[in-house]
Each structure stands twice: as structure tokens, then as C-alpha cells.
Amino acid sequence: AGPATAGPPTATGGPTAPGDVRQLDSVIPAPMQTTADTRANFRLGPATLIRTQFGSAEARRVGEHLAGVLRPATGYPLPVVPAASSRPFGITLLLGGADARVGRGGYQLDVTRSGVTIRATSGEGLFNGAQTLRQLLPAAVESSERSRRTWTVPGGRIVDQPRFGYRGAMLDLARHFHTPTEIRTYIDLISQYKVNHLHLHLSDDQGWRIQIDSWPRLTTVGGGPGTGVDGVGPGYLTKAEYRALNAYAAARYVTIVPEIDMPGHTNAAQSTYAELNCDGVAVPPRTDIAVGYSSLCVEDELTYTFVEDVIRELAAMTPGPYLHIGGDEAHATTDEQYRTFMDRVIPMVARYGKRAFGWHEIAKVSPPTSVVPQYWGTGATDASVAAAAARGNKVLMSPANRTYLDMKYDRSTPLGLSWAGLIEVRDAYDWDPATRLPGVGEESILGVEAPLWSETLRSIDDIEFMAFPRLPAIAELGWSTPQTHDWESFRQRLAQQAPRWTAQEVNFYRSPQVPWV
Ligand code: TNX
């Protein structure tokens with residue numbers, strides 16, 4: 001798809017038409033409060049400055065990031081300079097002075113004829129405001145090619161605040177490896193929608209994808225040639241690559257959540273190291289997509305040496321506060337073995353300074369309240385997750401029949417699986433995380449995450465096709481207040497994203513449920 005720098009005017013005013021002005025409330029995720037003032041539009045020009053909070057390196061970094069987004073298409077120099085006064089001219093990013101409702105991740109954005117001012121209490125809030133500003137400019141601003149046209153921001157005020165602190169996406173590097181370049185592209189795409197966590201599924205039966213120095217063959221063999229589904233998804237992240245990805249993500253206010261799945265989903269490790277098997281014999285490598293057959297040897301001390309080595313090295317290279325230990329589909333392990341294993345491993349995560357996440361089966365061991373069960377079920381109720389919430393655990397919501405981006409949209413979708421059902425855009429959007437599970441209400445929810453499993457996905461084009469447009473739906477559930485929740489409004493706003501994705505060369509699914517422009 002080529003970049004869209006101009007296009008025919010349409011009935012709605014034509015988001016790519018020359019001179020078009022976007023609507024202040026046509027943003028995803030929906031802002032908490034918008035007050036339009038159509039006499040107060042601001043026009044970017046060749047002399048526009050990006051002025052950032054005097055003395056704040058963080059505000060300056062957000063300003064540089066915004067300039068990097070706006071320069072290619074506008075062709076304007078957009079120098080980033082310290083804001084010596086709060087006189088509104090150009091684009092100004094300020095720490096402080098925002099409406100009290102913005103909290104930590106939120107922002108206030110004011111557009112008058114002389115400029116745009118974003119105010120927040122943190123760099124994260126400024127970054128989120130900058131993402132809104134991007135969407136308020138014509139779609140062509142997302143193109144890497146310059147277009148000569150007017151760049152107008154609609155006048156008025158937005159006061160915005162996130163509903164949940166954790167908005168997540170997950171990529172499965174194990175079934176097919178995805179390269180650092182692909183992961184960076186995904187970080188760019190998700191962060192536009194204020195998704196602030198990227199969970200990386202780094203190990204599974206078909207492959208091991210993160211360098212661990214104390215067990216070096218995990219990557220060279222477990223992630224080496226012939227690994228991945230059908231043997232065509234080899235590869236792994238070196239420690240240096242992983243660290244660089246964390247830094248890239250952090251610059252976009254995205255926290256990486258690394259996952260090592262255990263005690264099940266461990267065939268790659270157990271086919272690489274014979275001593276990780278109870279009988280001391282290495283299992284054969286597997287490249288099929290069956291689940292639930294593998295398990296680390298729960299009764300063997302060496303298992304805990306291995307797990308501690310992995311957790312120690314992974315924690316040391318991870319700046320974020322979380323470490324995910326999997327725990328799903330441990331069907332080759334008895335309930336008692338599962339408990340024995342988790343009772344040993346959960347405290348290890350804390351010992352290396354991290355907060356443990358686990359798939360929701362972990363709730364069955366009544367883990368400490370710091371542990372976050374990630375709900376991936378499809379049922380109407382879950383007694384052990386509700387009991388964990390009652391004890392004080394926060395829950396991450398990823399119900400598979402709503403949030404799994406690897407489910408097909410409809411029967412004709414060429415990629416994906418369908419075990420949790422078909423998920424059209426409306427299915428992904430039209431539910432409420434706080435009423436999904438009895439006993440797991442608003443105050444028990446850490447946030448919402450959209451996992452993307454890679455059994456059928458190889459390229460970034462495949463990833464984009466499954467994520468767009470459902471990822472923005474999940475992003476809105478995580479960010480926007482339930483008062484703004486409205487399918488009709490959402491599908492109209494989603495339609496307006498299409499020319500942006502075209503300009504960014506994103507491969508997206510043209511759902512028949514959306515009135516694409
Ligand atoms: C279930 S969801 C799994 C994964 C598969 C996925 C495919 C979960 C915690 N486990 O092992 O990749 O389904 O949709």
C-alpha cells in the first residue's frame with residue numbers, strides 16, 4: 001500500500017482532502033471530555049516551534065519524538081526549544097497546570113488560533129497527549145513523504161485520563177520468531193493508541209527466544225534452525241537486542257513484560273537439555289501446534305536451579321517491574337505438582353525484584369496478592385480468579401473470545417485459529433472488562449491486554465492484519481471511561497483511521513462492520 005498524501009473529498013469532509021479539518025472528538029481511544037471550538041483552529045506552518053517545559057529532559061524527549069513524527073510529511077523544521085513562557089504559540093508541552101482530573105497518564109490539550117498546548121503531570125501524560133495531537137492532524141501526516149497542504153488542528157479543549165493503568169498487547173515470539181525490527185514496528189503502532197505494555201511470550205514448546213548465558217544452548221539449539229511451527233520460525237533475541245528493545249519501548253512509554261512459560265510449554269528447553277527431563281533423556285523437538293503435553297520435572301532440584309538462573313538473568317536485563325511466568329495449560333502436571341512448582345517459583349520472582357504475572361490458572365494456588373493472574377478464559381465465571389480478586393490480587397483481563405487477536409474475524413479469514421470463536425470488530429469492542437467476570441470488578445482490574453499468538457503468523461504483514469482494527473478496540477476498552485463506550489461512535493472513528501494506516505503502510509482488515517472512508 002502506497003502512502004496517501006491526497007485523496008478525493010468525501011461526504012464527511014474527506015480526511016485526506018486538501019484543507020480538511022478533523023473533528024476534535026474523532027480520536028481513538030475516545031477522550032474523557034472534548035469541547036470543540038470551531039473558531040479556534042490552529043494551523044501548523046513552516047515557522048512552528050515545538051516548545052517544551054523549561055528544564056525538563058523528559059518533556060524535551062517527548063517534543064523530539066513528536067517532531068520526528070510530524071517532520072517527514074509536513075517538511076517543516078519544527079525545532080524543539082525550551083518553553084520560556086506559557087504564552088500559547090506553536091506546540092507547547094508543559095508539566096503542570098493541567099486539569100486535576102488528568103491524573104498520571106492523562107493530559108489536557110488546548111487548541112487556540114495561536115497554538116496547541118499539552119499539559120500533563122508526567123512525561124507519559126505528555127506522550128499520550130502528543131498521540132492525540134497526531135490523530136487531530138490530517139491522515140497524510142502519517143506518511144513518510146512530504147505533502148504540500150494545510151495542516152490544521154481543530155480548536156477546543158480535551159481533558160483526558162486513562163481508565164486502567166495497564167493497557168497491553170502481547171506478541172508470541174516462540175511459535176514464529178519476530179525480529180527486533182518487527183517488534184519495533186509493533187511498538188510504534190500500539191503506542192499510538194496509548195497501549196503502554198508489550199508482553200513478549202519468549203518461550204514455548206516450539207522455540208526458546210531469549211539469550212540466557214548460564215544455559216547457552218537454549219537459544220542456539222532451542223531457538224536455532226528448524227525451530228518454530230513447521231520448523232520455519234527460528235531466531236532469538238540476544239541480551240543486547242532485548243535491552244535495546246526495552247529502551248526503544250521506554251522512549252514510547254511502553255513497558256516490556258517478558259514471559260517464560262512454565263512448568264508446561266517447555267518442550268524447546270527439554271529437547272535441548274536432557275537433564276531437564278525426569279528420566280534424563282531429551283525429548284524430541286516439536287514443531288506442531290499441540291498444547292499441554294510438556295512439563296518441567298517438578299520433583300528434581302535441578303529444575304529450580306534452571307528456573308532461578310533464567311529468572312535471575314531475565315530480571316537483570318528487564319527494566320520494567322513485571323516478569324510473567326506463564327503457568328497455562330499445565331496438563332502434564334498434577335494439581336499438587338503445579339502447586340509445588342509455583343510455591344517455589346513465585347517467591348523467586350520477588351527475590352529478583354519483580355512482580356509475577358501468570359496465566360489465570362495461577363490463581364488456583366492462592367498466590368500472594370502481588371501476583372497478577374491474566375484471565376484468558378471464555379466462560380461466564382471463574383471461581384478461582386474471583387477468589388483471588390476477593391483476596392486482593394489485581395487481574396489482567398484477556399478473555400480469549402474478545403481479546404485474542406489470533407482468532408479469525410470470520411470463517412473466510414486466511415490466517416488465525418478459531419478455538420475461542422470468531423472475533424469480528426464489534427465482538428472485540430462491545431464488552432466491559434469490569435462486568436466480564438462476577439467477582440472481578442473495576443477495582444480488581446489492573447487492565448486489559450490483547451494477546452497475539454503466532455501459530456499461523458509469520459510476517460509483520462500477518463501481525464498487522466490480525467491486530468488492525470481489533471487492537472484499537474481493546475486499547476479503547478483499556479483507556480476510555482465507560483461513559484464514552486458506544487459502538488456506533490467507535491466504528492465511525494475507526495473508519496477515519498483507514499487513511500492513517502494506508503499512509504503508514506499498515507496491512508489492515510477491511511471489516512464489513514466499519515464504514516471505511
Ligand atoms: C492457548 S491462551 C494458549 C496458547 C496458544 C493459544 C492459541 C494460553 C494461555 N495458551 O498456548 O498459542 O491458545 O490461541
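Annotations for the structure displayed:
- Net charge, Met397 excluded, C-beta distance under 14 Å - Lys, Arg +1, Asp, Glu -1: -1
- In the chain, lysine pairs with alpha-carbon atoms under 24 angstrom apart (chain gap of 8 or more, or interchain): 6
- For segment 100-232, the calculated P(r), taken from all Cα-Cα distances in 5 Å bins from zero up to the bin holding the longest distance, is 2, 9, 14, 14, 13, 12, 9, 9, 8, 6, 4, 1, 0 percent.
- Computed P(r) (all Cα pairs; the chain; 20 Å bins; percent): 23, 54, 22, 2
- Spin-label model, Arg101/Val291: points 7 Å from Cα along the beta carbon direction are separated by 4.0 nm.
- Two-site FRET efficiency, Arg148 against Thr238, from Cβ-Cβ distance with R₀ of 56 Å, rounded to 0.05: 0.80
- Radius of gyration (Cα atoms) of segment 139-199, expressed as a multiple of 2.2 N^0.38 Å: 1.56.
- Solution diffusion estimate, µm²/s, Stokes-Einstein, segment 50-162, Kirkwood Rh from C-alpha pairs, 10 °C, viscosity 1.306 mPa s: 114
- Relative contact order for segment 33-160: 36 percent, from Cα pairs under 8 Å spaced at least 6 residues apart, divided by residue count.
- Volume per residue of the C-alpha convex hull in segment 322-373, rounded to whole Å³: 61
- Dividing the radius of gyration of the alpha carbons in segment 330-446 by their Kirkwood radius gives 1.02 for Rg/Rh.
- Sulfur and carbon atoms: percent of accessible area, the chain [1.4 Å]: 53
- Principal semi-axes of the equivalent ellipsoid, √(5λ) from the alpha carbon gyration tensor of segment 478-517, are 21, 12, 8 Å from largest down.
- Antiparallel bridges, percent of DSSP beta bridges restricted to the chain (to nearest 5): 30
- Distance in nm between pseudo-label sites at Ser418 and Ala274 (7 Å out along the Cβ direction from Cα): 4.5
- FRET efficiency, 1/(1 + (r/R0)^6) with R0 30 Å, evaluated for Arg184 and Leu302 via beta carbons: 0.25
- Taken over segment 386-453, the alpha-carbon convex hull comes to 81 cubic angstrom per residue.
- Reduced Cα scattering model of segment 389-517, Debye log10 I(q)/I(0), q = 0.09, 0.13, 0.18, 0.19 Å⁻¹: -0.26, -0.54, -0.99, -1.08
The values are calculated or read from the model by the stated rules, or taken from the named source; none is laboratory data. The model shown is predicted, which means the values in this text are computed figures rather than measured ones. Because the Cβ atoms are built from the backbone with ideal geometry, glycine has one as well, and the counts that use them run over all protein chains shown. Please note that ligands, DNA and RNA were not included when accessible areas were found on the heavy atoms of the full protein model with its side chains. Shrake-Rupley method; radii C 1.70, N 1.55, O 1.52, S 1.80 Å.
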